[in-house]
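Enquirer: The structure under discussion is supplied below as structure tokens; questions concerning it will follow.
Read the figures in this text as sums done on the coordinates, not as results from a lab. Being a predicted model, the structure only gives us computed values, none of them experimental. For neighbour counting, all protein chains shown are included, and Cβ atoms are generated from backbone atoms with ideal geometry for every residue, glycine included.
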Amino acid sequence: MGLKHQLRTLRWKTGYDVTRFQPTCPPIAKRNRFFEIYAIDTVLDVGANTGQFASELRNDMGYGGNIFSFEPLSTAYKTLETRARNDPRWQTIHHARGDKDETREINVAANSESSSLLAMLPSHLKSAPQSESIGKETIRIRTLDGVFPALCPDARSIYLKKDTQGFEKNVPLGARESLARIDTVQMELSLVPLHSH
């Protein structure tokens, strides 16, 4: 066993790995390479909206594994459901993910994808006027732990993508048991506060 492999094995034992970064490589190509290296076979698409992320995985990356897309908004969910209808390995679930099972009102944004359970700060509206709230909708929230055993019984390498408009910290609080089996987490991060907590 070479020194390079020994060092990599030590990193794996700590739960980390380091891969070569190519700054000129397009983001989709980087993600594709990542999926190949880690043999991702299951994607949990939390905050799926109309299925943009899952469609990118299928159409631009050629990813053929399982996708579970979670979306609470009724209008966005209808489009998501239509997109996934003829794909047997893409399942849609009409719930949000959070830290407990509950029913709450979500602020519906004009552009749909900026809809949030939290109130929007002026900084958000200033940077993205199309994210203006146009109403409210009552949605269901469920923990990831509550559905994980049924969705991922045989998954070997799981990728969790979270795009929940300020609600990102609540998702892992409802996934304390599931996180032990999730290999990779991707989430949106703003350097400027966009929602009140």
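Enquirer: May I ask you to list the aspartates and glutamates whose Cα is less than 12 Å away from that of Lys161, ignoring any residue fewer than eight positions away on the same chain?
Expert: Excluding near neighbours in sequence, the set is Asp45, Asp183, Glu188.
Enquirer: Just add up the charged neighbours of Ile93: K/R +1, D/E -1, any other residue whose Cβ is under 11 Å from the Cβ of Ile93. Before the final figure, lay out each step's value.
Expert: Numbers: positive: Arg97, Arg140, Arg142; negative: Asp45, Glu71, Glu81.
Residues near Ile93 contribute 0 overall.
Enquirer: Determine the sum of side-chain charges near Gly65: Lys and Arg each +1, Asp and Glu each -1, restricted to other residues whose C-beta is under 9 angstrom from that of Gly65. Provide the component values of the computation, followed by the final result.
Expert: Working: positive: Arg89; negative: Asp41.
Within the 9 Å Cβ shell, the charges total 0.
Enquirer: How charged is the neighbourhood of Phe53? Take every other residue with its Cβ under 12 Å from the Cβ of Phe53, and add Lys/Arg as +1 and Asp/Glu as -1.
Expert: Working: positive: Arg31, Arg58, Arg83, Lys161, Lys162; negative: Asp45, Glu56, Asp60, Glu71, Glu113, Asp163, Glu188.
Net charge in that neighbourhood comes out at -2.
Enquirer: Taking 7 Å along the Cα-to-C-beta vector as the label spot, tell me the Ala39-Glu137 distance in nanometres, rounded to one decimal.
Expert: Rounded to a tenth, the inter-label distance reads 3.9 nm.
Enquirer: Additional query: As a test, work out the antiparallel percent of DSSP beta bridges whose residues both lie in the range 65-155, rounded to the nearest 5.
Expert: Working: 9 of 15 bridges.
Rounded to the nearest five, the antiparallel share is 60 percent.
Enquirer: Taking all pairs of different Cα atoms in the range 38-161, averaging 1/r and flipping that mean, what Kirkwood radius in angstroms comes out? Write down the numbers at each step before the final one.
Expert: Values: mean 1/r = 0.0653 Å⁻¹.
One over the average 1/r among Cα pairs gives 15.3 Å for the range 38-161.
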